[in-house]
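One structure is given here, and the rest of the page talks about it.
The values are calculated or read from the model by the stated rules, or taken from the named source; none is laboratory data. These figures come from a predicted structure and were not determined experimentally. Counting neighbours? That spans all protein chains shown, and the Cβs are built from the backbone with ideal geometry, glycine included.
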Amino acid sequence: MSILNLHPQLLMGMPNAGELVITLLIIVVLFGGKKIPELAKGLGKGIREFNDAKDGIKNEIETGMKDKEKIQAPNSTPSGNA
């Protein structure tokens, strides 16, 4: 099977180079050259905050799992000891 045998549905919505250039030109016209760095800075800050929150939640879940393992470990005793 070749890469060229892709279904047309998979290619819908993928912008080509011409569409990206037109989109960038519209953004420059609407926001101006001075506002674009501010927008990029805000976007970067938002992405950074999202990643920090994601990492915080991941750490909380991992800590909770480790605590649960610590609590369950002392309760399990070998059945041979009386």
Given PRO15, PRO78, which one is at pLDDT below 90, surrounded by 10 or more Cβ atoms within 10 Å (Cβ to Cβ) and not in a helix (DSSP H, G or I)? PRO15
What about VAL29, is it in a helix (DSSP H, G or I), at pLDDT 85 or above, of a type outside the set (D, E, K, R) and surrounded by fewer than 10 Cβ atoms within 10 Å (Cβ to Cβ)? yes
Scan the stretch 1-30 and report the pairs whose first residue is β-branched (Val, Ile, Thr) and whose second residue is modelled with pLDDT under 85 and in a helix (DSSP H, G or I), with Cβ atoms within less than 8 Å and a gap of 6+ or a chain change. ILE27/ILE36; VAL28/ILE36
